[in-house]
Amino acid sequence: MAVTGIRWSTHDRYRNEIYLTYERWQHIIASINHPDMANYEEHLKATIRYRTRKQDSLNPQKYRYVSAFADLPADNTHITAIVLFRFREGSDSAQISNTYIVTAYQKRIR
């Protein structure tokens, strides 16, 4: 049985609450995606909490958070997190932030 719901949430340096679901985490660490992230979840949280973001030029709801780490495997130097900034309707029809991590991966950046 798969665990569902929110795995954790944190705030970025701009005070936006951002969450990661169990489903997205399983997607990230799947063998066909980014299994090298399995031992770097705390690095992912730090990337969201402390680093700046860059808005995607084609999708204004999509942001990329990038952070350098010295202890990544396979010559990787950075973790990148892709976050979608969305909204949902609350019970009183008010707009509620629904901002979540879509994926995360490691890469080498010179």
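The values are calculated or read from the model by the stated rules, or taken from the named source; none is laboratory data. Keep in mind it's a predicted model, so treat the numbers as computed, not measured. Glycine also receives a Cβ, built like all others from the backbone with ideal geometry; neighbour counts cover every protein chain displayed. Note: accessible area is taken over every heavy atom of the protein model, side chains too, but ligands, DNA and RNA are not part of it. Shrake-Rupley method; radii C 1.70, N 1.55, O 1.52, S 1.80 Å.
The residues of the stretch 74-89 that are among the acidic types (Asp, Glu) and either touching a strand residue (DSSP E or B) at 6+ places or on another chain (Cβ under 7 Å) or surrounded by 10 or more Cβ atoms within 10 Å (Cβ to Cβ) (or both) amount to a single one, Glu89. What number goes with the only condition from (1) over 17 Å from the mean Cα position of the chain (by Cα); (2) under 21 Å from Gln26 (Cβ atoms) that Ala81 does not pass? The failed condition is (1). Picking from residues in the stretch 90-110 that are closer than 18 Å to Gly5 by Cα and open to solvent by 50 Å² or more (accessible area, probe 1.4 Å), the one that is farthest from the chain's Cα centre (by Cα) is Ile96. Does Leu58 satisfy being open to solvent by 60 Å² or more (accessible area, probe 1.4 Å), modelled with pLDDT of 95 or more and assigned to a loop (DSSP other than H, G, I, E, B)? Considered against the rule, which asks whether it is open to solvent by 60 Å² or more (accessible area, probe 1.4 Å), modelled with pLDDT of 95 or more and assigned to a loop (DSSP other than H, G, I, E, B), Leu58 comes out as yes. From the residues in the stretch 1-22 that are touching a Lys or Arg at 6+ places or on another chain (Cβ under 9 Å) and free of Cβ contacts under 8 Å to residues at least 40 places away in the same chain, which one is surrounded by the fewest Cβ atoms within 10 Å (Cβ to Cβ)? Per the criteria, the residue is Tyr14.
Scan the stretch 55-110 for residues that are among the small types (Gly, Ala, Ser), over 16 Å from Glu42 (Cα atoms) and touching a residue at least 60 places away in the same chain (Cβ under 8 Å) and report the count. Count: 1.
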